[in-house]
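A quick write-up on the structure given underneath.
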Amino acid sequence: LEQALISDAFEVVKSVIMNLESNFSFPSQNCVWHDFLSSSSFSPDYNSFLLNSGEMLLKKFHLAKYHGNTGTIEFDLNGTRKYLKLKILDFDQHGVREIGSYGWNDDSLTIRSLGQKKITEIRRHLQVVTREEKPYVSRIFFPNGTVQFEGYCIDMLNHIAKELNFNYSLRVVSDGNYGKEEDSTGKWTGIIGELVDRNADLGVGALTITSAREKVIDFTKPFMNFGITILFRKPLRTKPNLFAFLAPLSLEVWLCMGAAYVGVSFFLFSMARLSPYEWQSPYSCKRNSDYIINRFTIMNCFWFCVGSLMKQNIDYGPKSLCLRTLIGSWWFFSLIMIASYTANLAAFLTTKRLKSPIDDVEALAKQTEIKYGALKGGSTEQFFRSSKLPLYERMWYYMSSKPDVFMITTEEGINRVKNENYAFLLESATNEYNVQRHCELMQVGGLIESKSYGIGTAHGSPYRDLISDVILKMQENGVLSKMYDTWWKERNVPVPCDDLDVDKRKKHFTNELDLKNIGIYKSKNTWKQHIKEELYFTMCTGCRSRKHSQQPMEPQHNSNNNNNTNNNNDEVRLKLVPFNHIISSN
């Protein structure tokens, strides 16, 4: 438009100057305007021109009428252009077509019937640009050289194309970015830059809707909501120690229980000594004996209290009411403590208890040992760059000072999380997809903020509203939800990591009790080997000791009996004899 207006302005000036030739005579027929104005010979016509040039030029412009690129050029008495109308053009597969006009002076818009049809209908063939990232968009290369696209966004785009009756050409963006604004030039990169330059009709993929992007392109209704999360490696399981059975209760509880045990035992002993009902005759047939005893000695009191804790029966019981009240209270206390200990022990020894060095984004920002970053040129980087919250500003200062923490692709970030002490900040939907396929990874903390994915279009594109309507219908009919389950939970899941599926993968999430968990020492030889050795030693008639039970005793032919006796003093000679002989000997 600017070029057309400038061209018409020069043409009008040229037309007015050419009309001046008919009113003035020039020094020479071959004279040009540069020579005429710079000439030293001033003719009467030239002097008249100098005196009245402004009025004459203004009069000529008022009378000028020229048909240029922007329509008929005419001016009123105030010098304002009259009857300015601009053509509205559209480009399709047949070329450029005029579909209407716009009146500059009266702000009138006229659209022809062909133009109305073009605006309400979508083109039959669209140019779509995308970025490769699983599970949204991925490429399959075949041996014959052909390439096929697949993914969640591809299935969604195919459904939209079927509903709106169009086809499309799909290509991957050259720089591999979703799009960000360059600080130095102000130009946009990636998919956003392709849409801003109108090199593509649609931008499809994990394209986040942001306010900065909304200023330069349009977005459809969101097809997926998500938030920023932290992807981190699962911590290694700690090796159980010998005293793992003490873990269900804290040290304070164990000390209080020990103090209660000692205190109740001494209190029971004191009350038993003071109560006359606990002094009885030791002979059941002679109750009125001068010799009486008290069965609640100090050792028996300790034994009685520990037997109550272990739920064992004791041969004797209290006779007096005060001792029965005390022991009943101790039994009730033991019942509560044993029940609590048993429930906690099962939870501690059979449930995976993993402690991560970071719990949320605040813990990640406070520490310095674990590096963290985001996808280069993505919406997560843009969020931390533009955030005004002190926490996120501090995180952006750290990330911007270490350019190596920004990853080119999501796969590169996942590999770094696996192999290094690194946390990857990315969208929750992508995080959930990778956690289900990499069991050694986990999501840490909740959502940092709420965002949405949408399909990008150029500013003023007629495709936005049409595609938005189809997306809303897909959400209402459950089509998008079905696609999500297909690509997140069914497709390309080599090792399922679902906690709810306990029938086949229960061992990955629970720990059976082994010898180390219950504090039993496990020797190098297994218990089966020990049983074999015991049976072999029992049945062996020539074995000299347990240590050499696997080898029968060699016959001794040494004539020195004293040496034999001295060497075998520490050995036990065994011989298998008949059982009836042992009975008869006894």
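The values are calculated or read from the model by the stated rules, or taken from the named source; none is laboratory data. As the structure is a computational prediction, the values presented were derived from the model and not from experiment. Positions of Cβ are generated from backbone atoms using ideal geometry, with glycine treated the same way; all protein chains shown enter the neighbour counts. What goes into the accessible areas is simple: the full protein's heavy atoms, side chains included, and nothing from ligands, DNA or RNA. Shrake-Rupley method; radii C 1.70, N 1.55, O 1.52, S 1.80 Å.
Put simply, of G54, G79 the only residue that is at pLDDT 65 or above and part of a loop (DSSP other than H, G, I, E, B) is G79. Could you please let me know if G413 is on the phi > 0 side of the Ramachandran plot and either in contact (Cβ under 8 Å) with a residue 60 or more places away in the chain or in contact with a Gly (Cβ under 8 Å, 6 or more places away or on another chain) (or both)? Against the criterion (on the phi > 0 side of the Ramachandran plot and either in contact (Cβ under 8 Å) with a residue 60 or more places away in the chain or in contact with a Gly (Cβ under 8 Å, 6 or more places away or on another chain) (or both)), G413 does not qualify. For region 82-95, a tally of residues being modelled with pLDDT of 75 or more and open to solvent by 70 Å² or more (accessible area, probe 1.4 Å) returns 4. Look at region 291-315: where a residue is open to solvent by less than 30 Å² (accessible area, probe 1.4 Å) and a partner is in a helix (DSSP H, G or I) and basic (K, R), sitting 6+ places away or on another chain with Cβ atoms under 9 Å, you get N294/R273; F296/R273. Within region 472-497, no residue that is open to solvent by less than 30 Å² (accessible area, probe 1.4 Å) and acidic (D, E) sits with its Cβ atom under 7 Å from a residue that is at pLDDT 90 or above and in a loop (DSSP other than H, G, I, E, B) at 6+ positions apart or across chains. Residues that are at pLDDT below 85, open to solvent by less than 80 Å² (accessible area, probe 1.4 Å) and in a loop (DSSP other than H, G, I, E, B) occur in region 266-281; there is at least one. Scanning region 422-459 for residues that are free of Cβ contacts under 8 Å to residues at least 60 places away in the same chain and either open to solvent by 50 Å² or more (accessible area, probe 1.4 Å) or under 9 Å from the mean Cα position of the chain (by Cα) (or both) gives a single hit, E432. Scan region 365-391 for residues that are surrounded by fewer than 19 Cβ atoms within 10 Å (Cβ to Cβ) and of a type outside the set (K, R) and jot them down. Across region 365-391, the qualifying residues are A365, Q367, T368, E369, I370, S386, S387, L389, P390, L391.
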